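Trainee: The following block contains the structure, expressed as structure tokens.
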Amino acid sequence: MSVAANSEHISDRVVADAAVVYSNLSTPVLYEHAVRTGEGKLLEGGSFAVRSGPRTGRSPKDKFVVRVPETAEHVWWGAHNQPMSPETFEGVRERFLDYFKDKTLYLQDCYVSQDPRQRKTVRVISEQAYHSVFARTMFIPSDEPLNDDPDITILHAPFLHFEGQEDGLNSDAVIVLHLTEGLIVIAGTAYAGEMKKSVFTAMNYYLPLSGVLSLHSAANIDPATGKTAFFFGLSGTGKTTLSTDPDRVLIGDDEHAWTKDGIFNIEGGCYAKVIRLSEEAEPDIFATAHMFGTIMENVIFNEDSRVADLNDDAITENTRSSYPLDSLRNRYQGQVAPHPAHVILLTADAFGVLPPLARLTHDQALYHFLSGYTSKLAGTETGIDEPQVTFSTCFGAPFMALQPTLYADLLKERLEATGADVWLVNTGWVGGPPGVGERIAIQETRKMVSAILNDAMVAEEFRTDPLFGFEVPLHCPGADASLLNPRDLWSDKEAYDIAYRTLAERFHDNFDQFRSVAPPEVVTAGP
């Protein structure tokens, strides 16, 4: 599918009108530019600290998709993909072009998708050097400038502010995807994650329409057996932490695709949440926080020693590090990995009633995939200050460009073709909701995930949950067995029963939107 439709490409016009354009600078040179212009500061170990300004997370209410005839029937219109008229978009585009005139700009040519058969080229034009480093890190740098027009172009102007409703927008910031032109414009926010997730949204449009399942997921592989695993989940549920396993090789931590040939990483880097990052619990990610080439976003540090304090949330809970996959010790070197043997759905249950581990049938897997139950954690979006119960379709609704059932249909095909086992892992609370119960220790979750991936659960005995219907193990090798029955951990058993039934009702009510379109066997696979 050709997505760069303009005969005169917009990046050519931007470059022609700019005062200076630094094209495809290396990370060390971009560091120098960023230091000279006061964009950030070098930290001990070589990472680079930056501030994203007042917006320290994504701004979902400011994200739009241009509605044109070619996309109208495909896009999942609504809160996550707000329609923008072509006329409004032309006004936004012209503001960008006027704003970039006579500016000093940074251009990076990259691509996405490790599988060359599914690759798309990406050009990022930004007004700050550190965003150019971010592009080189999160996408895959091109060895040479692009010979043809890019498939996807990002114009990133964090200091361009709009007039909200006067410009047909919701605030002074805007993120717009024009999918037929392959154009993404971002203004009014320096939060680097907007670039990453906007490209992911675009790939979630292009890939499935070509029969490739794109997924908000992490993936790793056992180097001894060649068995791979998928980890689905929203930010804060543990995708990065659990997939970055010293005993396994990381394929990627956030964005993957599943074809008839296997799985591949869409990105070239990782974007990890680092608040209270522990060297003991997460040694590999901790090491990258002290490496040259890592961008540390909104992390507090000592001005004299330049040592980062990863426990300090004075700016935001959503402190982030962006680092290239190459900086990890255990990184998958191939392009396409084998089909997964296990698929793990991660949820952070703020009700505190779900078991930390459950086995799902394929129909139950599709039910939970469409439901996407979890809790939005503090800081990941503007205005989120404490855990909020949410249902995020496909475990990534903000990034799903197409109707959810299309992704579910593709997932069903892949599960049936491969016979992968599916598990629900709760990384949230036990003994009660936040403020009453405690969050499940990451060390315990790791033990359970290891038991899954090492096929140690095959011989275990399971009970069927009376309301949700999934199978819960009576024992998990190496893990604390007392965690496996959440009701036992509540001091007030009646309060547990109420919360348990309430959560089941929330699942049921949320699934009303899919009852008329999902297969009957999936509809009946829930509580």
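The values are calculated or read from the model by the stated rules, or taken from the named source; none is laboratory data. Worth saying up front: this structure is predicted, and the values here are computed from it rather than measured. As a convention, Cβ positions derive from the backbone with ideal geometry for all residues, glycine included, and neighbour counts pool all protein chains shown. Side chains included, ligands, DNA and RNA excluded: accessible areas come from the protein's heavy atoms. Shrake-Rupley method; radii C 1.70, N 1.55, O 1.52, S 1.80 Å.
Trainee: How would you rank 393-399, 20-26, highest first, on the average number of other Cβ atoms within 10 Å across their residues?
Mentor: Numbers: 393-399: 23.4, 20-26: 15.0.
Highest to lowest by the protection proxy: 393-399, 20-26.
Trainee: Additional query: Which FRET efficiency, nearest 0.05, do Gln513 and Glu90 yield, Cβ-Cβ r, R0 41 Å? Each step should come with its number before you reach the end.
Mentor: Values: r = 33 Å, r/R0 = 0.81.
In this case the efficiency is close to 0.80.
Trainee: Return the percentage of antiparallel bridges among DSSP beta bridges fully within the chain, rounded to the nearest 5 %. Kindly include the intermediate steps, with their values, before the conclusion.
Mentor: On the way: 58 of 95 bridges.
So the antiparallel bridges in the chain amount to around 60 percent.
Trainee: Taking a cut-off of 19 Å between Cα atoms, list the lysines near Lys101, but don't count ones fewer than 8 places away on the same chain.
Mentor: Excluding near neighbours in sequence, the set is empty.
Trainee: Simple spin-label model, 7 Å along Cα-to-Cβ: Ala495 to Asp261 in nm?
Mentor: 5.5
Trainee: Over the range 1-112, calculate the relative contact order: mean separation of alpha carbon pairs under 8 Å at least 6 apart, over the residue count, as a percent.
Mentor: Details: 82 pairs, mean separation 45.6, N = 112.
Value for the range 1-112: 41 percent.
Trainee: Also, I was wondering about something else. Net charge near Leu179: determine it from the other residues with C-beta under 14 Å of the C-beta of Leu179, scoring Lys and Arg +1 and Asp and Glu -1.
Mentor: Details: positive: Lys63, Arg67, Lys120; negative: Glu70, Glu73, Asp151, Glu181.
With Lys, Arg at +1 and Asp, Glu at -1, the neighbours total -1.
Trainee: Looking at the range 66-209 only, what percent of DSSP beta bridges run antiparallel? Nearest 5 please. Before the final figure, lay out each step's value.
Mentor: On the way: 14 of 25 bridges.
Percent antiparallel among DSSP bridges in the range 66-209 is about 55.
Trainee: If r is the Cβ-Cβ distance from Asp172 to Lys103 and R0 is 25 Å, what FRET efficiency results, to the nearest 0.05? Intermediate results must be reported in sequence, preceding the final value.
Mentor: Details: r = 19 Å, r/R0 = 0.75.
That gives a FRET efficiency of 0.85.
Trainee: For n ≥ 4 DSSP H runs only, could you compute -39500 (n - 2.57) per run for the chain, divide by its residues and tell me the 222 nm figure to the nearest 500?
Mentor: Details: 13 runs with 131 residues, N = 527.
Helices in the chain give a 222 nm mean residue ellipticity of -7500 deg cm²/dmol.
Trainee: Of all accessible surface on the range 155-194 at a 1.4 Å probe, what whole percent is carbon and sulfur?
Mentor: Details: 440 of 1090 Å².
C and S atoms contribute 40 percent here.
Trainee: Over 18 Å between C-alpha atoms is what I'm after, so list which of Lys197/Lys273; Lys197/Lys239; Lys239/Lys260; Lys63/Lys196; Lys197/Lys227 land there. Spell out each step's value before the answer.
Mentor: Values: Lys197/Lys273 15 Å; Lys197/Lys239 16 Å; Lys239/Lys260 24 Å; Lys63/Lys196 13 Å; Lys197/Lys227 28 Å.
Long pairs (Cα-Cα over 18 Å): Lys239/Lys260; Lys197/Lys227.
Trainee: What net charge is computed for the residues neighbouring Pro519, neighbours being all others with C-beta under 15 Å from the C-beta of Pro519, Lys and Arg scored +1, Asp and Glu -1? Walk me through the numbers before you get to the answer.
Mentor: On the way: positive: Lys412, Arg515; negative: Asp363, Asp409, Glu413, Glu416, Glu521.
Counting the neighbours of Pro519, the net charge comes to -3.
Trainee: As an exercise, use a Förster radius of 30 Å and the Cβ-Cβ distance of Leu42 and Glu280 to find the FRET efficiency, rounded to the nearest 0.05.
Mentor: Values: r = 26 Å, r/R0 = 0.87.
About 0.70, to the nearest 0.05.
Trainee: Continuing with the same structure: How much of the calculated P(r) for the chain lies past 39 Å, in percent of all Cα pairs?
Mentor: Numbers: 30559 of 138601 pairs.
Value for the chain: 22 percent of Cα pairs lie more than 39 Å apart.
Trainee: Sorted by average packing, counted as other Cβ atoms within 10 angstrom per residue and highest first, what order do 326-339, 143-156, 117-130 take?
Mentor: Values: 326-339: 16.1, 143-156: 17.8, 117-130: 23.0.
Result, highest mean first: 117-130, 143-156, 326-339.
Trainee: Once Lys and Arg get +1 and Asp and Glu get -1 on their Cβ, which of Thr502, Thr393, Leu325 lies farthest toward the positive end of the dipole of the chain?
Mentor: Leu325
Trainee: Give me the net charge of Lys260's neighbourhood, meaning all other residues with Cβ under 15 Å from the Cβ of Lys260; Lys, Arg count +1, Asp, Glu -1. Don't jump to the answer; show the numbers that get you there.
Mentor: On the way: positive: Arg117, Lys412, Arg414; negative: Asp115, Asp261, Asp409, Glu413, Glu416.
Surrounding charge for Lys260 is -2.
Trainee: To the nearest 20 debye, what charge dipole does the range 1-92 have about its Cα centre, counting +1 at the Cβ of each Lys and Arg and -1 at the Cβ of each Asp and Glu? Write out the running numbers ahead of the final one.
Mentor: Values: 9 positive and 11 negative charges, 104 e Å.
The dipole of the range 1-92 has a size of about 500 debye.
Trainee: If the reach is capped at under 13 angstrom between alpha carbons, list the aspartates and glutamates near Lys493, excluding any in the same chain fewer than eight residues apart.
Mentor: List returned: none.
Trainee: Lys/Arg Cβ at +1, Asp/Glu Cβ at -1, dipole of the range 131-273 taken about the Cα centre: which of Thr153, Phe232, His256 is farthest positive-ward?
Mentor: Final value for the positive-end residue is Phe232.
Trainee: Let me ask something additional. How much length is gained on full extension from Asp312 to Leu209, taking 0.36 nm per residue of separation minus their Cα-Cα distance?
Mentor: Working: separation 103, 0.36 × 103 = 37.08 nm, distance 4.32 nm.
Length gained, Asp312 through Leu209: 32.8 nm.
Trainee: So, for the chain, what is the accessible surface per residue at a probe of 1.4 Å, expressed in square angstrom? Mind showing how you got there, number by number?
Mentor: Values: 19600 Å² over 527 residues.
Normalised by residue count, the accessible surface of the chain is 37 Å².
Trainee: Relative contact order, percent, of the chain when contacts are C-alpha pairs under 8 Å separated by at least 6 residues? Before the final figure, lay out the partial values.
Mentor: Numbers: 1170 pairs, mean separation 77.4, N = 527.
Value for the chain: 15 percent.
Trainee: Count the DSSP beta bridges whose two residues both fall in the range 307-456, then state the antiparallel fraction as a percent rounded to the nearest 5.
Mentor: On the way: 10 of 17 bridges.
Roughly 60 percent of the DSSP beta bridges within the range 307-456 come out antiparallel.
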